[in-house]
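Participant: Take a look at the following structure, please.
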Amino acid sequence: MANSHFKLGMYLPELRLPFDEALAKAKEIGAEYVWFNHLSDETPISQMSDDEVDHMGKRVSQHGLKIFLIGAGNPFKTIHLTDLSLETMTDHPAFRKELNDLIRSMQIASRLEVSTVNAFSFAWPGEYTAGKPTWPMRWLTRGGIISDGEMDKLIKAFSMVEVEAEHYNIDVALSMMCWNYTNTTGNFRRLVDQLGSKRIKVMWGPADNINCGEWDVATTGFHNIRPYLHGLHLKDLHIIDGQQLRFEYRPIGDGDVDYLTVLRQLRDHNCDTVLSVATHFLPAKGSPEDAMRINYTNLLSLIQQTKE
């Protein structure tokens, strides 16, 4: 493949196939690297024995693939930050469980010689209970205003994460979701600048950034997160009405993300990162595999354009 500047990866659950079938399909489509946070119809990753972990790693390598990121479920994805108290954070049952899951993912990564694990950055108020009440504010402010009290909680939580990451010599890449506090490159930088940790990295999601009103994500956004890049979570979307959260997922290159500029930025700055393809859309009368093939075809076309 004419893509010497780029490493091609895949978010494996998008295929919606049993683990071994998904691995074989990912290799066939063109992936070199994969990441995942669960195995279909198998033991949850956080509950795997060491033997199951070793078997999981062996299955990946047998398909000629490498794990570049691993998660044990989705730590801190759906916990509302407002539900946590700064003083008693570790007493919160969901936080305690998901911190333990994250620590277990570090143990697994260390065992499999994977450099980085995945986590999220907590949910904005009401995201999973009351219809996203802060969304209009977040759209109008390019991601949302993080109060001093909220930042104090984030710093405390990820300071605990950093201690464990240092112990296991593992980095932690935060996913960018519209519903979480590091939903934009600006908010991610606000957190890492105050945290001051070399262990916190990012799975950059330009589509999620744009969906939060960060229109200059391919330029200013890239420079915000460049020192912390572990990988890119690639999908595309078209915003219909940002303030009303009306948007639709589309194939890569057919939405609002300026992926050609993103790829040129990565090339020009010699970024050693993985382009991890996702989908989030289904073609008419098509399958998840069809969607993934479309996105790979479109991505390779964009990569070729960076060489012209």
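Participant: Bins of 10 Å, beginning at zero and ending with the bin holding the largest distance: percent of Cα pairs per bin for segment 259-308, please.
Facilitator: 24, 46, 24, 6
Participant: Once you have the Cα-Cα distance between residue 152 and residue 246, take 0.36 nm times their residue separation minus that, and quote the gain in nm to one decimal.
Facilitator: 30.7 nm
Participant: Between beta-carbons, use under 11 Å as the cut-off and find the net charge around residue 197, counting Lys and Arg +1, Asp and Glu -1.
Facilitator: On the way: positive: 198, 199, 201; negative: 162, 166, 171, 193.
Charge balance near residue 197 sits at -1.
Participant: Return the label of the correct value of mean projected area of the Cα convex hull in nm², as calculated from the structure shown, out of (i) 14.2; (ii) 15.3; (iii) 18.8.
Facilitator: Correct label, based on the coordinates given: (ii).
Participant: Given a Förster distance of 35 Å, report the FRET efficiency between residue 61 and residue 167 from their Cβ-Cβ distance, rounded to the nearest 0.05.
Facilitator: E(calc), rounded to 0.05, equals 0.85.
Participant: Further, regarding this structure: How much net charge surrounds residue 45 when only other residues with a Cβ under 11 Å from its Cβ are counted (Lys, Arg +1; Asp, Glu -1)?
Facilitator: Charge balance in the 11 Å sphere: -2.
Participant: Trypsin sites (Lys or Arg not before Pro) within segment 233-307: which are DSSP loop residues with at most 14 other Cβ atoms inside 10 Å?
Facilitator: 285, 307
Participant: A further question follows. Gain in length, residue 256 to residue 305, computed as 0.36 nm per residue apart minus the alpha-carbon separation, to one decimal in nm?
Facilitator: 15.9 nm
Participant: With both bridge residues required to lie in the chain, what share of the DSSP beta bridges run antiparallel, to the nearest 5%?
Facilitator: Percent antiparallel among DSSP bridges in the chain is about 20.
Participant: Further, regarding this structure: Spelling out what I want: for every residue of segment 294-300, take phi, set θ = phi - 60°, compute 6.51 cos²θ - 1.76 cosθ + 1.60 (Karplus), and round to whole Hz; glycine and proline get x.
Facilitator: Ordered by residue, 3J(HN,Hα) equals 4, 5, 5, 4, 5, 5, 5 Hz.
Participant: If you don't mind, another one. State the three equivalent ellipsoid semi-axes of segment 117-244, derived from the C-alpha gyration tensor as the square roots of 5 times its eigenvalues, in descending order and whole Å. List each step's numbers first, then the result.
Facilitator: Values: eigenvalues 111, 59, 30 Å².
Over the Cα atoms of segment 117-244, the ellipsoid semi-axes are 24, 17, 12 Å.
Participant: Using the Cα gyration tensor of segment 211-294, with a ≥ b ≥ c the square roots of its eigenvalues, what is the shape: rounded (a/c below 1.5), prolate (a/b larger than b/c) or oblate (neither)?
Facilitator: Verdict is oblate for segment 211-294.
Participant: A follow-up question, please. For a label point 7 Å from the Cα of residue 113 along Cα→C-beta, name the residues of segment 21-61 whose backbone N is under 17 Å from it.
Facilitator: Counting only backbone N, you get 33-34, 53-61.
Coordinate-derived values only; no laboratory data. Source: prediction; values computed, not measured. In this analysis, Cβ positions are derived from the backbone assuming ideal geometry, glycine residues included, and neighbour counts consider all displayed protein chains.
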